[in-house]
Amino acid sequence: MEKYELLPRQLLHEGTCSEANFFEPDLPNDKYIVAVHEPEYFYDLLNIKLSPREARKIGFPLTEDLVERERLIADGTMKACEFALEHGIAMNIAGGTHHAYTDRGEAFCMLNDQAIGARYLQARNLAKKILIIDLDVHQGNGTAEIFQKDDSVFTFSMHGAANYPFKKEKSDWDIPLKKGTGDTEYLTVLGENLPKLIDRTRPDFIFFYAGWTSWKRTNWAHWRLVCKAANYGINWYWRPAVDGKFRYNVVWAAVIPQISKPLSKPMPTPSVWPKMSFSRWIPAPSF
């Protein structure tokens, strides 16, 4: 978990942001969580009452500190929604818990932060049509399940065809890619389909999950991507319109994998948008 504590330091080191760009998440109003997750599941999680089988699927030994951490992640995304509406973009550098279902957690994800953020926006009448773009190498199966019968939230997932989850859910639009996909093929597929996706959905708000297991140096990567490919999607949104404003309000959730040195193609400097906001990570408990 050390990388989470290092992320703010890395962002400051490479000049991506200043201290003024960070905000602190708090414990959220749980009504936004139970707007996404079944109350029985959430309160069992909150009170550490999940069955051993349910806990094994999550992959963490459950503790009160761990559940608090997950709630802080959700609040970080909700706060990022507010900053994105105000300034055009905000980032939760610990978000993207896309394997959490309505009634269960999986694969280190307990509460689906982007789904909670989407419901938060809708409950407060801040957005009606929402697009979730998920570029992690693993399908956003929990997100797909949560919104499978909801036309107000469009789910897009471009992921590895033959890795976890081995039983895929049905997103509104899935693009599975073969093992070993590299930058050229990845960028071609994404470049051809991303503009079509935007034109098709015309969203009020976009959640973008960059993912980090797409990175070729991770143990989970079925693709062979380097920074150029991993950063493509968010770079598309960075291009300002003629009037200098962003096309859409965007919350970007990502874990940056290589934090020992600056990225080869770093994000724009704060001069591009002085009010860009990042959630500051609360260190996770040790196990």
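Each reported figure results from applying straightforward, stated rules to the coordinates on display, with no laboratory input. A quick note: this is a predicted structure, and the numbers were derived from the prediction, not measured. When we count neighbours, we look across all protein chains shown, and the Cβ atoms used for this are built from the backbone with ideal geometry, even at glycine.
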Quiz item: Residue by residue, what Karplus-based ³J(HN,Hα) values in Hz, rounded to whole numbers, does the range 114-120 have, using 6.51, -1.76 and 1.60 with θ = phi - 60° and x for Gly and Pro?
Solution: 6, 5, 5, x, 5, 5, 4
Quiz item: Listed highest first by mean packing, meaning other Cβ atoms within 10 Å per residue, what order do 133-142, 194-203, 8-17 come in?
Solution: 133-142, 8-17, 194-203
Quiz prompt | Given Lys168/Lys196; Lys79/Lys196; Lys49/Lys179; Lys49/Lys79, the pairs whose alpha carbons are separated by over 32 Å | solution = Lys49/Lys179
Quiz item: Of the listed peptides 68-79, 181-192, what is their order by residue-averaged count of other C-beta atoms within 10 Å, with the highest listed first?
Solution: 68-79, 181-192
Quiz item: Mind ordering 104-113, 169-178 by average Cβ neighbours within 10 Å, highest first?
Solution: 104-113, 169-178
Self-check item: Under-5 Å amide H pairs with Glu106, H placed in peptide plane, nonlocal only
Solution: Ala100, Tyr101
